[in-house]
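In what follows, a single structure is set out as structure tokens and then discussed.
The values are calculated or read from the model by the stated rules, or taken from the named source; none is laboratory data. This is a predicted model, so every value here is computed, not measured. Virtual Cβ from ideal backbone geometry, glycine too; neighbours counted across all protein chains shown. Side chains are part of the model used for accessible areas, which takes the heavy atoms of the whole protein and leaves out ligands, DNA and RNA. Shrake-Rupley method; radii C 1.70, N 1.55, O 1.52, S 1.80 Å.
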Amino acid sequence: MASTQGPTNVLIAKSTLISQGAEAAKNAHETPLLIKHRFSKGYRHKTLDTNLTKARVAGEARALIRCLRAGVNVPGIRMVDATEGVLGIEWIEGTSVRKLLPGGAEEEEALDEVTEDLSEDEIDPLKEFGVSVDQLMHLIGTEIAKMHLVDVIHGDLTTSNMMLRRSPNNESDLVLIDFGLSYLSALVEDKAVDLYVLERAFASTHPDSEPMFQSVLDAYQNRMGKEWAAIKRRLDDVRLRGRKRSMVG
Amino acid sequence: MPGRLRKPTPLKNPDRPYIALGLEGSANKLGSGVIKHAEDGTTSVLSNIRHTYITPPGEGFQPRDTALHHREWALKVINDSLAKADVSIHDVDCICFTKGPGMGAPLQSVALVARTLSLLYGKPLVGVNHCVGHIEMGREITGASNPVVLYVSGGNTQVIAYSRQCYRIFGETLDIAVGNCLDRFARVINLSNDPSPGYNIEQGAKLIRGRRLIPLPYATKGMDISLSGILTSAESYTLDKRFRLDGQPRNAEDTDIITPADLCFSLQETVFAMLVEITERAMAHIGSKEVLIVGGVGCNERLQEMMGVMAEERGGRIFATDERFCIDNGIMIAQAGLLAYRMGQTTPLLKSSCTQRFRTDQVHVTWRA
């Protein structure tokens, strides 16, 4: 196939793999550039896979551009090749929010005995950025609200998909990343589900996350203004979804 | 920070062999099994007997008839399992039964049997969550230590990961379960319910593997999925004028046709791709490399294959079991019940009721670190 010699593939060949998420492998290039390569998923039927990959690369690029225009902190776009499933985006020098919060640094590989006295002398990773947990939550809520105000739905909001970086004026700002499942929608339903996904991600990764998530919502509410009431109502509905819940009380 | 500590397992090796009898009857399978936990910490399955209530093609199982089936077969199945295990009911340490979730009437008939046995022989009762039973048996059989669990059956579809004494649900179906979706479609195209409708769909899909993927909705929503629309969409293809129930073209020009096998294949490919995708997302999020498939749909080889490919692409491993342990059985109830019993949990008679609504994350998992 001619495509294996294409410029996109040359670029991938020159880069180094840094991580493999659920959707794509990320390769760092020599010039600071993040290449997100959605390689073909072997488990999926070819037709289904091609359609999904194309739609998601294009969708990701579209959502990023819309966010950039509205001033939401997201990585800038450098290149798009939807047929190859490749997206080149700005390299963000920062740390994943998941690693900055309690419980998030825990890796599955950690064995039973090794981690025993690790937590004692560990310094708070947040100090480095000069923000408190509460301020961080505030940043998260505000960024999500800015994104929802331009009707972009992220689709996969987790603490792994947010990064904290030092901006040039020495303040820390929060960058939303990984728009692979994002889409455009003005519906209250979609915004509420987006928040609910984040709420569950908090609950499953970080112990005692309720107050944290509440301050995310507070900041979100501030920024959303009058749209909040409807979203709040829907969020309460969404929380009741799922099967086999006890309907008593 | 307490979240970072990983304590050694709280479950000590038993001081003597423990034996538990497990009774399961939350859907159309009635199961009875005897399990033994030895002093060295090993577990052995002494017996695992099951009897399935099979309805004619095109029909599902009604709660009332299913309960009747369980009542008729309970004594025979329990006696068989004790005889096969070569233990007397007097040697059993506890009697475990399914507390929920499941169909009300069948659950109640089996719980009644459990209570009767408990009173007759003076044995403590342990009520078990059906989903936790599946997970614990899957872990025991495959040896997976801390996997992401995909639990797929006729009544449940959940992606689960363990964290702090609780099996947390990462993603689940918002409407019908995947087994329900497949079974109902099997009934639409009149496939047999023997041994199970899902099995016959799998065989149908194998006939024409890779030939034609009929477009169906692909509905993932956050970490969750929705399946009822896909079922409707697949059903509507059977009313399409290109649909041929016998799978044969009418004449030489009749090439653009949709056969039941095409639909079985497309339905499987689409819903399984969705399941694998949400499982992969959970694995990426918590950084786990192991995935365990449990539940009745878990014996589908195509699903296991797809999950295997996904795990391999991520450098991980897949754990799956065969129909003996995937499909509802008594032994898994005995396993989860005995773990709880060894941690000192029993269910007093007054609290031995069952419930149709009992979520996986409501169980306090004391036996894991």
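Ignoring ligands, DNA and RNA, what percent of the 1.4 Å accessible area of the range A:53-92 is carbon and sulfur?
Accessible surface attributable to carbon and sulfur in the range A:53-92 totals 48 percent.
Longest segment of chain B with no GluC sites (Glu not before Pro) in a DSSP loop having at most 13 other Cβ atoms within 10 Å?
B:60-252
Cα extents of the range A:141-249 along the three principal axes, largest first, in whole Å?
53, 32, 27
Determine ³J(HN,Hα), in whole Hz, for all residues of the range A:42-47 in sequence, where each value follows from phi through the Karplus function 6.51 cos²θ - 1.76 cosθ + 1.60 and θ = phi - 60°; x replaces Gly and Pro.
Values per residue, Gly and Pro as x: x, 6, 8, 4, 3, 4 Hz.
Give me a comma-separated list of calculated 3J(HN,Hα) values for the range B:352-366, in order, Karplus coefficients 6.51, -1.76, 1.60 applied at θ = phi - 60°, integers in Hz, x for any Gly or Pro.
Each residue's phi maps through the Karplus curve to give 8, 6, 10, 9, 6, 10, 8, 7, 4, 7, 8, 8, 8, 8, 7 Hz.
If amide hydrogens are placed 1.01 Å from N in the peptide plane, which non-local residues have theirs closer than 5 Å to the one on A:R78?
Here the answer is A:G88, A:I89, A:E90, since their amide H atoms fall under 5 Å of that of A:R78.
Which order do you get for B:K29, A:K41, B:K36 if you rank them by accessible area with a 1.4 Å probe, largest at the top?
B:K36, B:K29, A:K41
Filter the GluC sites (Glu not before Pro) in the range A:142-234 down to the DSSP loop ones having no more than 12 other Cβ atoms within 10 Å, then list what survives.
Filter output for the range A:142-234: A:E171.
Show log10 I(q)/I(0) for the range B:145-251 at q = 0.11, 0.12, 0.17, 0.22 Å⁻¹, two decimals, from a solvent-free Debye sum over equal Cα scatterers.
Debye curve over Cα of the range B:145-251, log10 I(q)/I(0) at q = 0.11, 0.12, 0.17, 0.22 Å⁻¹: -0.44, -0.52, -0.92, -1.28.
Over chain B, what percent of the accessible surface lies on carbon and sulfur atoms, probe 1.4 Å?
The computed percentage sits at 51.
Rg/Rh for the range B:71-183: what does it come to with C-alpha atoms and Rh from Kirkwood?
The Rg/Rh ratio comes out at 1.02.
Kindly identify residues of the range A:40-69 having a loss of at least 40 Å² in accessible area between the isolated chain and the assembly of all protein chains, probe radius 1.4 Å.
A:Y43, A:H45, A:L48
Tilt of helix B:301-313 relative to the longest C-alpha principal axis of chain B, in degrees (0 to 90, nearest 10)?
Long axis of B:301-313 versus the principal axis of chain B: about 80 degrees.
Put one equal scatterer on each alpha carbon of chain B, apply the Debye formula with no solvent term, and list log10 I(q)/I(0) at q = 0.10 1/Å to two decimals.
Evaluating at q = 0.10 Å⁻¹ gives log10 I(q)/I(0) of -0.63.
Can you pull out the buried accessible area for chains B and A, both sides counted, probe 1.4 Å, rounded to the nearest 100 Å²?
When B and A are taken together, about 4600 Å² of accessible area is lost.
Quantify how much of the Cα-Cα distance distribution of the range B:213-268 extends past 19 Å, in percent.
34
For the range B:1-145, would you read off the P(r) tail past 21 Å as a percentage of all alpha carbon pairs?
Taking all Cα-Cα pairs of the range B:1-145, the fraction more than 21 Å apart is 48 percent.
Could you compute Rg(Cα) / (2.2 N^0.38 Å) for the range A:178-240, with N its residue count?
For the range A:178-240, the normalised Cα radius of gyration is 1.13.
Among DSSP bridges having both ends in the protein assembly as shown, what percentage is antiparallel? Round to the nearest 5.
The answer is about 75 percent antiparallel.
Which percent of the Cα-Cα distances in the range B:304-352 go past 11 Å?
That tail contains 76 percent of the Cα-Cα pairs.
One-quarter of the Cα convex hull surface for the protein assembly as shown, in nm²?
31.0
Whenever you get a sec, compute what percent of the accessible area on the range A:183-231 sits on carbon and sulfur atoms (1.4 Å probe).
Exposed carbon and sulfur together represent 56 percent of the surface.
Report the dimensions of the range B:279-369 along its three principal axes from the alpha-carbon atoms, largest first, rounded to Å.
Cα extents, longest axis first: 50, 28, 24 Å.
Roughly how many Å² is the accessible area per residue of the protein assembly as shown, as a whole number, for a 1.4 Å probe?
43
Kindly identify residues of the range B:173-194 having a loss of at least 10 Å² in accessible area between the isolated chain and the assembly of all protein chains, probe radius 1.4 Å.
Checking the loss per residue gives B:T173, B:L174, B:D175.
So what are the ³J(HN,Hα) numbers for the range B:124-130, from phi and the Karplus equation (6.51, -1.76, 1.60; θ = phi - 60°), rounded to whole Hz, Gly and Pro as x?
x, 9, 10, x, 10, 6, 4
Please calculate the 1.4 Å probe accessible area of B:D224, with all protein chains present, and give it to the nearest 10 Å².
Its accessible surface works out to 10 Å², give or take rounding.
Cysteines of the protein assembly as shown lacking any other cysteine beta carbon under 4.7 Å?
So far as the 4.7 Å Cβ criterion goes, A:C67, B:C94, B:C96, B:C131, B:C166, B:C181, B:C264, B:C354 stand without a partner in the protein assembly as shown.
Using the structure shown, list the pairs from A:K99/B:K221; A:K41/A:K146; A:K146/B:K221; A:K191/B:K29 with a Cα-Cα distance above 31 Å, or answer none.
A:K41/A:K146; A:K191/B:K29
Could you name every residue in the range A:171-216 that has 50 Å² or more less accessible surface in the full protein assembly than in its own chain alone (probe 1.4 Å, ligands and nucleic acids excluded)?
Flagged in the range A:171-216: A:R200, A:S204, A:P207.
Helix B:63-85: angle to the longest alpha-carbon principal axis of chain B, degrees 0 to 90, nearest 10?
50
Obtain the radius of gyration and the Kirkwood radius of the range A:120-193 from its C-alpha atoms and give Rg over Rh.
Ratio of gyration radius to Kirkwood radius for the range A:120-193: 1.05.
For B:M343 paired with B:Q62, estimate the spin-label separation in nm (one decimal), with each label point 7 Å from Cα along the Cα-to-Cβ line.
Result for the modelled spin labels: 4.1 nm.
I'd like the trypsin sites (Lys or Arg not before Pro) in the range B:150-205 restricted to DSSP loop residues with at most 15 other Cβ atoms within 10 Å, sorted by number.
Passing both the DSSP loop test and the Cβ count: B:R164.
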